[in-house]
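Step one of this worksheet: look at the structure below.
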Amino acid sequence: MVIEVKNATKKIKGALILDRVDLTFESGVIYGLQGPNGSGKTMLMRLVSGLIRPTEGKVLIDGKELGRDFDFPPSMGLFIENPAFLPGYTGKRNLELLAELQGRVGNEEICKAIQDVGLDPEDRRKYRKYSLGMKQRLGIAAAIMEKPELLLLDEPTNALDEGGIEEICALIRRERDRGALVIVSCHDRELLENLADEIYTVAEGRVERRAQ
């Protein structure tokens, strides 16, 4: 998969959110987005995912234009901001309901995704009883369970302890190694330097590649 962001600008109510962004992303690479809150990291992910459209410019996925040839990338796992699940269901049941939308994976893949993020698929607790860290892990499990070609993770290590951070970073590397195109945003510069193959700094809607 190759994603090309071509001269993309996004304005919301007159405010410039993304400013003439030109980027190319390719499969098998972890791309890191580093910058403070409000810099445009999440909006860039929303742009690549098809959740917002550029005011100017375009996004191409394998040469086809997002928003014209298709509404969303055809194979995508998404973890942006705070994922919402049904509070009265278990984590596994929530993932089963999501999986039914596409019909691509079954019980085995769902259980593996839950285990891969450090949760127990047989845990009978309802989602409302989950800690912040458990909710974070379940959101990541939902993003990876269908083995997407494109994986977008917005601050995936929030609310995790040191051991949890190491687990999730190892998982992200495995996703890259199986061939996924991975984009990760993180405010922690040191963590991103240890995780990402390429890092882009985002500031006031402008994006620049950082030398490593």
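Coordinate-derived values only; no laboratory data. From a predicted model like this one, the values you see are computed outputs, not experimental measurements. Cβ atoms come from the backbone with ideal geometry, glycine included; neighbour counts cover every protein chain shown.
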Computed [θ] at 222 nm, deg cm²/dmol, the chain (DSSP H ≥ 4; -39,500 (n - 2.57); rounded to nearest 500):
-9500 deg cm²/dmol
Between ARG210 and ASP120, what's the calculated FRET efficiency when r is the beta-carbon distance and R0 is 35 Å? Round to 0.05.
0.35
Please give the charge dipole size of the chain, origin at the Cα centre, charges +1 on K and R Cβ atoms and -1 on D and E Cβ atoms. Round to the nearest 20 debye.
760 debye
Within the stretch 94-207: Cβ-based charge dipole about Cα centre, in debye rounded to nearest 20 (Lys, Arg +1; Asp, Glu -1):
440 debye
Tell me the volume per residue, in Å³, of the convex hull enclosing the alpha carbons of the stretch 1-116.
149 Å³
For the stretch 82-147, alpha-carbon Rg over 2.2 N^0.38 Å:
0.97
Charges at C-beta only: +1 for Lys and Arg, -1 for Asp and Glu. How large is the resulting dipole of the stretch 71-142 about its Cα centre, in Debye rounded to 20?
400 debye
Starting from the 7 Å offset along Cα-to-Cβ, what nm value, one decimal, do you get for the label separation of ARG93 and ARG68?
4.6 nm
By the gyration tensor of its Cα atoms, with a ≥ b ≥ c the square roots of the eigenvalues, what is the shape of the stretch 70-116: rounded for a/c under 1.5, prolate for a/b over b/c, or oblate?
oblate
If one takes the longest principal axis of the Cα atoms in the chain, at what angle in degrees, from 0 to 90 and to the nearest 10, does the Cα axis of helix 162-177 lie?
70 degrees
Could I have the simple spin-label model distance between GLU198 and SER131, label points 7 Å from Cα toward Cβ, reported in nm to one decimal?
3.7 nm
Which percentage, to the nearest 5, of the DSSP beta bridges contained in the chain is antiparallel?
50 percent
With a ≥ b ≥ c the root eigenvalues of the C-alpha gyration tensor of the stretch 1-62, is it rounded (a/c under 1.5), prolate (a/b larger than b/c) or oblate?
oblate
Gyration tensor on Cα atoms of the stretch 154-212, a ≥ b ≥ c root eigenvalues, a/c under 1.5 rounded, else prolate if a/b beats b/c, else oblate, says oblate
Mind ranking 170-178, 158-166, 107-115, 31-39 by how tightly packed they are, going by the mean number of other C-beta atoms within 10 angstrom, highest first?
31-39, 107-115, 170-178, 158-166
